[in-house]
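In what follows, a structure is listed as structure tokens, so that the remarks can point back to it.
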Amino acid sequence: MVTGAREIAVTAPRCHRTVAQGRHDAAMKTSTDSDLIVDHFPAARRSMRVACVTETYPPEVNGVSLTVARMVDGLYRRNHDVQLLRPRQATHDAAEVSDRFQEVLFKGLPIPRYPALRMGLPSKAALLKLWALSRPDVVHIATEGPLGWSALQAATHLKLPVCSDFRTNFHAYSQHYGVGWLYRPLMVYLRKFHNRTHCTMVPTEALRRELEANGFQNLTVVTRGVDTQQFSPARRSEALRHCWGVAGDTLVVTCVGRLAREKNLDLLVRAFEAIKRSEPRAMLVVVGTGPLHAELQARLPEAVFVGQRTGDDLAAHYASADLFLFPSLTETFGNVTT
């Protein structure tokens, strides 16, 4: 049994219900922290039992949540038993039951400036109890927050193999929020965190070299891809361009991403102003939300702000534009560029 306000259940990866839903609808139910049974998470075949710890996951929309969900779905499709540990995203967030997938929900707190996102709380004791009852073969930690740190401590105590992802340049964010003095302490924490794992996965060779120069060890490049069936020029839509108020061959410039300080949006404004001097009829379409939405809209009153888009709708927004602007300098990868 795992004590505290935790919910234990089994579910197919929520980000890819279209893939797994048909196989698992027959076994849907919820359970509470008093219902944890070790047999719910069996290793009945030649596969690994992977515990994946993350503090963001769909339906939250950001590069980390989407990439982690892809990884979880990939492990699941390859017949591995996957245990997903994450913060509860809302009071009505209930886990579901299915085969070969166990979801463990923890208490979380809203992230400052991003009330729709949650971060986990320290949970070492609960993780020790959970993994002592049912040991995973490997613990994979995708985020370095309080829940991730608790997972690292618990796994180390239980002598479980641990690997991690370096997905967000938190240390670089400090330069954009007026707390540049935090750069070194954050780098020290991140280095200490990742160097205690057996392997840290990074998306590019350039980032591997940068982190290695800063004392990070055991780095491995795990590259990314893009779904070229979904994100294709064939998604271009004249009807969508008409909705934006675009006529004929007007140049449409788009920017996709979180509207926040660390995305270097001042450069977006300056770049589009330079484009307008050359192409006076050019139009800017901004896809995404964030704390700088109102400020950016005031600075770019003629731009079209379409909010957050997903799936085929997002693909159509990419394909229907002519020029992509991405001003951020703090990305570990930048999924939107691919």
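Observations on the model:
- Amide proton proximity set for Val304, modelled H, under 5 Å, gap of 5+: Leu284, Val285, Val286
- For Leu109 and Ala247, a Förster radius of 56 Å and the Cβ-Cβ distance give a FRET efficiency of 0.75, rounded to the nearest 0.05.
- Pairwise Cα separations in segment 281-338 fall into 10 Å bins from 0 onward with the following percentages, short to long: 18, 53, 29, 0.
- For Gly288, the shell of other residues with beta-carbons less than 10 Å away shows a net charge of +3, using +1 for Lys and Arg and -1 for Asp and Glu.
- Shape analysis of segment 182-284 places it in the prolate category; the axes a ≥ b ≥ c from the Cα gyration tensor give an a/c of at least 1.5, with a/b above b/c.
- Listed peptides 199-209, 76-86 by packing density, highest first (mean Cβ within 10 Å): 76-86, 199-209
Values in this text are rule-based calculations from the coordinates and carry no lab data. Please read these numbers as outputs of a predicted model, since none were measured by experiment. We place every Cβ from the backbone using ideal geometry, glycine too, and count neighbours over all the protein chains shown.
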